[in-house]
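To keep things clear, I will list the structure first and then write my remarks on it.
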């Protein structure tokens with residue numbers, strides 16, 4: 001495999017947008033292409049992420065329309081990826097694999113989502129379609145519900161009083177809102193405190209409103225190129241050191257929801273390919289769709305032992321200037337979660353961090369960063385390790 | 001290979017109060033709800049078997065914000081069956097507002113109920129229910 005690097009990156013502001021999925025993706029895509037000092041005609045393939053365009057806009061088969069918006073060559077295959085919330089990360093991983101294999105030299109990958117257009121009841125229903133249809137979403141399972149069950153199992157398995165666990169979960173939300181307050185592209189840019197979280201509306205016991213990420217609109221895209229080509233194009237290419245992807249299947253086969261086996265397998269693949277270990281990672285963008293999800297992630301990625309990661313945010317270890325900075329962008333919680341775009345926004349944040357372009361939320365001296373995106377109810381996990 | 005116990009057969013079983021699963025003739029593991037292969041060894045030498053319908057609660061949640069077409073609050077739980085497999089379904093016969101961590105490890109009996117309003121093509125399908133014993 002050839003060495004592969006990220007050149008330009010682009011993302012829209014996340015939040016509530018009146019723009020169409022295609023318009024948002026065009027903004028992000030053009031930013032990524034211009035940032036790579038190339039033109040649309042130089043892109044050889046589009047790896048396009050979108051989850052719910054059919055429900056949001058009545059639009060299936062969005063990839064070729066996205067290619068047309070950007071004026072990519074007609075010879076460039078434009079293909080849609082869908083892996084629920086891990087969609088864009090999976091698209092980027094496959095882009096990197098095909099560039100690494102020598103099939104293409106320069107490609108565009110990313111995603112777009114316009115989730116707020118659906119409204120909360122329909123969005124809740126369509127998100128739940130990423131759970132197994134016959135046995136699980138049929139029983140009224142929702143995404144907050146899945147992670148709520150994981151939180152109860154975590155408290156039960158490790159013998160932590162639920163009230164205590166909830167305070168530590170709230171600290172995850174407080175930390176990510178603090179980071180998001182320094183990100184002008186974040187959906188939410190204001191700080192909150194533990195009481196804000198603990199006084200919120202109950203969504204799925206024990207998760208309250210501020211334990212949950214929002215539905216958001218937005219798009220993000222990155223240009224991926226052969227490393228030799230990338231060095232010709234940009235001053236600071238950011239290299240893809242390793243990737244991994246694994247699946248979990250239905251919840252009833254996963255059994256222990258405190259152990260995200262798909263993530264354990266995916267991150268192991270990425271570490272092995274990169275020749276690195278969790279101690280080498282300076283900055284992480286991981287899948288904090290719910291506060292408990294960040295706790296599960298820091299454990300299954302190897303930053304904490306199982307059952308020991310629950311108070312990482314409380315101790316400040318995952319906060320800016322901490323031991324391993326987690327979600328300096330604000331994470332899904334504060335930056336927002338347009339599901340088809342999220343992975344590309346995570347890669348964008350890590351690339352900017354490794355280029356030392358992150359302003360007040362810059363992680364000092366960051367050299368190696370890691371992206372973690374979870375799709376569905378632990379159904380897909382995709383990891384990407386990047387280095388400067 | 002013909003699919004051993006289809007979703008339709010599984011549903012017909014639930015309607016008659018039967019919990020039809022698969023037993024692996026290679027490794028002995030029980031798979032329920034049915035899959036294409038054994039959930040443990042991926043073997044295809046499977047025979048039909050029935051669950052006793054008893055298990056213990058491993059975790060739960062009370063859904064307060066429901067998907068479109070469903071009415072909250074209701075309880076979703078994961079149960080470990082005596083035969084080994086985990087299953088998801090609805091905890092019934094209990095006040096959702098009085099359901100808390102004490103429910104974990106409690107013994108339950110399996111049943112099923114018809115759910116309408118599901119998003120998928122399988123309208124009015126049966127899902128598993130759990131009732132405290």
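Just so you know, all these numbers are worked out from the coordinates, no wet-lab data involved. Just so it is clear, the model here is predicted, and its values are computed rather than measured. Neighbour counts run over all protein chains shown; Cβ positions are idealised from the backbone, glycine included.
Which whole-number value in Å³ per residue fits the convex hull of the alpha carbons of region B:54-132? Each step should come with its number before you reach the end.
Numbers: hull volume 6.9 nm³, N = 79.
For region B:54-132, the hull spanned by Cα atoms encloses 87 Å³ per residue.
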**Request:** Determine the shielding of peptide A:159-170 by partner chains: average, over its residues, the number of Cβ atoms on other chains within 10 angstrom of each Cβ.
**Result:** 0
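Which peptide among A:30-36, A:216-222, B:51-57 comes first, and what is the full order, when sorted by highest mean count of other Cβ atoms within 10 Å?
On the way: A:30-36: 21.4, A:216-222: 32.7, B:51-57: 17.7.
By packing density, highest mean first, the sequence is A:216-222, A:30-36, B:51-57.
Based on the Cα gyration tensor of region A:264-330, what are the three equivalent ellipsoid semi-axes, each the root of five times an eigenvalue, rounded to whole Å and given largest first? If you can, show how the numbers build up before the last one.
Numbers: eigenvalues 69, 35, 25 Å².
Semi-axes from the Cα gyration tensor: 19, 13, 11 Å.
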**Asked** Modelled label-to-label distance, residue A:367 and residue A:228, 7 Å Cα→beta-carbon offset: nm?
**Response** 2.6
**Prompt:** Looking only at region A:131-151, which residues have a backbone nitrogen under 16 Å from a spot 7 Å from the Cα of residue B:80 in the C-beta direction?
**Reply:** A:150
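Take the Cα pairs of chain B, get the Kirkwood Rh, then feed it into Stokes-Einstein at 4 °C and 1.567 mPa s and tell me D in µm²/s.
Numbers: Rh = 15.7 Å.
Rounded, D is 83 µm²/s.
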**Prompt:** Ratio of Rg to Rh for region B:34-100, alpha carbon only, Kirkwood?
**Reply:** 1.09
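Only counting other Cβ atoms within 10 Å, I'd like A:179, A:61 sorted with the fewest neighbours first.
Details: A:179 26, A:61 11.
Arranged by neighbour count, lowest to highest, A:179, A:61 become A:61, A:179.
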**Request:** Determine the equivalent ellipsoid of region A:29-143 by diagonalising the alpha-carbon gyration tensor, then write out the semi-axes as square roots of 5 times the eigenvalues, largest first, rounded to whole Å.
**Result:** 31, 16, 11
**Request:** Mind grabbing the base-10 log of I(q)/I(0) for region A:55-110 at q = 0.12 Å⁻¹? Debye formula, identical points on the C-alpha positions, no solvent, two decimal places.
**Result:** -0.31
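Order by neighbour count: B:114, A:325, fewest other Cβ atoms within 10 Å first, most last. Provide the component values of the computation, followed by the final result.
On the way: B:114 12, A:325 25.
Lowest to highest Cβ neighbour count: B:114, A:325.
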**Prompt:** Using mean Cβ contacts within 10 Å as the protection proxy, how do B:83-90, A:329-336, A:360-367 order, highest first?
**Reply:** A:329-336, B:83-90, A:360-367
**Complete:** Along principal axes, largest first, the alpha-carbon spread of region A:125-192 in whole Å comes out as 43, 34, 12
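What does the convex hull of the Cα atoms come to per residue for region A:108-267, in Å³? All intermediate terms of the calculation are to be shown ahead of the outcome.
Numbers: hull volume 26.3 nm³, N = 160.
Each residue corresponds to 164 Å³ of Cα convex hull volume.
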**Prompt:** Using every alpha carbon pair in region B:7-50, what percent of pairs falls into each 5 Å bin from 0 up to the bin containing the largest distance?
**Reply:** 6, 27, 32, 18, 12, 4
**Fill in**
Note to self, chain A gives a 222 nm [θ] from helices alone (DSSP H runs n ≥ 4, -39500 (n - 2.57) apiece, / all residues, nearest 500) of -11000 deg cm²/dmol
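Evaluate E = 1/(1 + (r/R0)^6) for residue A:103 and residue A:357, where r is the Cβ-Cβ distance and R0 equals 41 Å; express this FRET efficiency to the nearest 0.05. Mind showing how you got there, number by number?
Numbers: r = 30 Å, r/R0 = 0.74.
That gives a FRET efficiency of 0.85.
Assuming R0 = 41 Å, what is the FRET efficiency of residue A:193 and residue B:18, from their Cβ-Cβ distance, to the nearest 0.05? Show your work: numbers first, answer last.
Details: r = 53 Å, r/R0 = 1.29.
Between residue A:193 and residue B:18 the formula returns 0.20.
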**Asked** Over region A:307-380, what lengths in whole Å, largest first, do the semi-axes of the equivalent ellipsoid take, defined as the square roots of 5 times the eigenvalues of the alpha-carbon gyration tensor?
**Response** 20, 18, 11
**Message:** Which log10 I(q)/I(0) values does the protein assembly as shown give at q = 0.06, 0.13 Å⁻¹ under the Debye formula, counting every alpha carbon as one identical point scatterer?
**Reply:** -0.27, -1.22
